[in-house]
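Inspection log for the structure reproduced underneath, given as structure tokens.
The values are calculated or read from the model by the stated rules, or taken from the named source; none is laboratory data. What you see is a predicted model, and the numbers here were worked out from it, not measured in a lab. FYI the Cβ positions are ideal-geometry reconstructions off the backbone, even for glycines, and counts take in every protein chain you see.
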Amino acid sequence: MTPKTHKVAICGRTNAGKSTLFNKLSESNKAIISSLPGTTRDLNYAPISWTGKHYEIIDTGGIDIFDEKELESNIKKQIAAAQKAASVILYTVDGHENLSEADKKIIKKLVRKKTNFILVVNKIDSKKIQEKADPNFERLGVEHVAYVSSKNGSGTGDLLDIINKHLPEAKAKELKENVLKLAIVGKPNVGKSSLLNAILGEDKVVVSDIPHTTRDINDIEFAYKNKNYLLIDTAGLRKKAKVGNWKDKRIAHIERQSVRSTLTTIEEADVVFLVLEAQKNVSDQDKKISQLAVNNSKGLIIVINKWDLIEDKTDKTYDEFIKYFHNHLPFLSWAPMIFISAKEKQRVHAILELAQEVHQNQNLEILSQELDQILNLVMKKYKPKQSQTITFGQKKKPLVLESLTQVDKSPPTFILKTPKPKNVPQAMPNIIEKHLREEFEFLGTPIKIIIEESV
């Protein structure tokens, strides 16, 4: 993915208020806010427009010590990558505290390397607090210091003015037309972030075997084979019982925010990738997550990850797995299934081509004469029982289905007209859907059939 705007990276030690600053500057709530150290683990991106200048702001993970050494190493690599790519760095410190030795070392290094950076002294909620701030802020050879309160917004306008002075002219990055919005959903640690990285071919998201690594939603625009995509990596959905039962209420709060963000992501997506693990059984939580996509009428692709971990595969292995997943997810019989290895980058880009096919099916329009043929076929094959006839006085009349009309796309929506809707058998919409899928396939997209009374 080639960047088309300048980037401004927010860096700093853990809990300096970087995520709050990111949200304030971008006027969003993408970054999850908490006093718990290490909450921001992934890079968050958002467009900024200020007095004619347009750029992208990046919120990075904090520089600090985590219990998980591997996670700490990954975050530091991310920050280094953000600094390398950024036109301006906002090194953020907590104005309530004295500069740590680590802060001093990093700031001196930035000055020595003549880095284009601004020292942002955060949490300056009043003039009194600014007067009490560590005087070392302006004794380290820093050319530009900005005192801000990301909580109440004080000083952020001045900060944006300073950023503008450091940036050359750049055109606003606008989301291209015909962008296919994709959401990656699934339980924690099934390989969602690994899949995102494999598709993009770059480490924009922290990848770790530690559960619940991904907490923030990341919207990344990219192109593949001249097609435009907006790919969203979502926080792993935990079982609600587990979310609510965590002893540390602050952690539970973070997890609940992630769940809400994931639901929002599904609502905004065109096509959803439901990621499952090949070596694990389908759980109730997997079914509930997939049902969210169905309830929101989204295109759906079942992505079976970690296929490389299945040993001793034979010619029958694939068919056996297909049968297993269909048996446990019978309500998703229309959803295509693809077996991949995000780690080994096997068939990951085939998912994008499949998503394009699903999106085309979502927007498929059926001609009226073709729908008439479907309805006639249904009526010929479906012979109602005596109990399913309609009584009018002394006469009994058969069920009448007058017309089938498509009224919407994405998802394909049809209206079935009948004089007596209450007498239409409950199975009739499913019967019609079955014939529609047999004739037109509609791979990967739900179908809506609404019964209405004819006038």
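Things worth noting here:
- Comparison of Ile79, Ile75, Ile32 shows that the only residue that is at pLDDT below 85, crowded, with 18+ Cβ neighbours inside 10 Å, out of contact with any strand residue (DSSP E or B) (no Cβ under 8 Å at 6 or more places or on another chain) and of a type outside the set (S, T, N, Q) is Ile32.
- Note on segment 261-362: enclosed strands (runs of 3 or more DSSP E) holding 3 or more residues that are within 20 Å of the chain's Cα centre (by Cα) and closer than 15 Å to Leu195 by Cβ are 271-277, 299-305.
- Residue in segment 310-325 that is under 25 Å from Leu182 (Cβ atoms), out of contact with any strand residue (DSSP E or B) (no Cβ under 9 Å at 6 or more places or on another chain), surrounded by 14 or more Cβ atoms within 10 Å (Cβ to Cβ) and in the same structural domain as Leu195 (by TED's automatic domain parsing) present: no
- Yes/no for Gln291 being in the same structural domain as Glu267 (by TED's automatic domain parsing), touching an Asp or Glu at 6+ places or on another chain (Cβ under 7 Å) and not acidic (Asp, Glu): no
- Qualifying residues in segment 87-110 (those that are in contact (Cβ under 8 Å) with a residue 60 or more places away in the chain and in a helix (DSSP H, G or I)) - the one farthest from Tyr55 (Cα to Cα): Ala102
- The residue list Ala342, Ala293, Ala355 contains one member that is surrounded by 20 or more Cβ atoms within 10 Å (Cβ to Cβ) and under 23 Å from Ile450 (Cβ atoms), which is Ala293.
- Residues that are farther than 30 Å from Asp94 by Cα, hydroxyl-bearing (Ser, Thr, Tyr) and modelled with pLDDT of 80 or more number at least 1 in the following helices (runs of 4 or more DSSP H) confined to segment 126-219: 192-200.
- Selection status of Ile366, among the β-branched types (Val, Ile, Thr), at pLDDT below 95 and either within 26 Å of Ala269 (Cα to Cα) or in a strand (DSSP E or B) (or both): yes
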